[in-house]
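Here's the structure we're looking at; comments come further down.
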Amino acid sequence: MISGRCAACKYLRRGCASDCIFSLYFPSNDPQRFTYVHKIYGASNVAKLLQQVPAYLRDSAADSMYHEAQCRIEDPVYGCVGVISQLYQQIYNAENELAKTRAEIAIYASLAHQQFQI
């Protein structure tokens, strides 16, 4: 355990045991990380989820919960789905722009080829 209490135990106003499930994933130097996760999932659910996940995946699970909670707080209706949707729209727009640019290049290449044949 990190010296002192982890962010979760500080937030919950309790002592931080040496086997605290939160201590590795919610360090005291980043209290907002636990605040967001607690607000969306609740401490009990986070603890249960972390205990169910294999130890080598817990860091990724905590990161995922934090990211989802942060997105949900910023956009309560869509959360991460809103971000994903925006990214898909950007990809769609970029692909359309690329197709238009390739078509223009093909037209100019064709015109240049015709000029050299005359």
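Points worth noting:
- FRET efficiency for the pair HIS67 and LYS100, taken as 1/(1 + (r/R0)^6) with r the Cβ-Cβ distance and R0 = 25 Å, rounds to 0.15.
- Straight-line reach from LYS39: taking Cα to Cα under 16 Å and skipping same-chain neighbours fewer than 8 places apart, the aspartates and glutamates in range are ASP30, ASP63, GLU68, GLU74, ASP75.
- Helix runs (DSSP H) in the chain reaching 30 Å along axis by Cα, Kyte-Doolittle at least -0.5: 80-117
- Estimated from helices alone, the mean residue ellipticity of the chain at 222 nm is -23000 deg cm²/dmol (sum of -39500 (n - 2.57) over DSSP H runs with n ≥ 4, per residue).
- Over the stretch 64-118, accessible surface divided per residue gives 85 Å², non-protein components excluded, 1.4 Å probe.
- Dividing the mean sequence gap of close Cα pairs (under 8 Å, 6+ apart) by how many residues the chain holds gives a relative contact order of 17 percent.
- Mean Cβ neighbour count within 10 Å, used as a protection proxy, ranking 66-73, 4-11, 17-24 highest first: 4-11, 66-73, 17-24
- Among 82-93, 36-47, the peptide with the highest mean count of other Cβ atoms within 10 Å heads the list, and the full ranking is 36-47, 82-93.
- Note on the chain: GNM, Cα springs under 10 Å; of ALA61, ALA106, ALA94, the largest mean-square fluctuation is that of ALA106.
- Measuring nothing but protein heavy atoms, the accessible surface of the chain at 1.4 Å probe radius is 55 percent carbon and sulfur.
- Rg and Dmax over the alpha-carbon atoms of the stretch 10-100 stand at 17.2, 62 Å.
- Equivalent ellipsoid semi-axes, the stretch 64-109, via Cα gyration tensor eigenvalues times 5, rooted, Å: 37, 8, 5
The values are calculated or read from the model by the stated rules, or taken from the named source; none is laboratory data. Here the structure is a predicted model, which is why all the values come from computation and not from measurement. All Cβ positions, glycine included, derive from the backbone under ideal geometry; neighbour counts span all protein chains shown. What goes into the accessible areas is simple: the full protein's heavy atoms, side chains included, and nothing from ligands, DNA or RNA. Shrake-Rupley method; radii C 1.70, N 1.55, O 1.52, S 1.80 Å.
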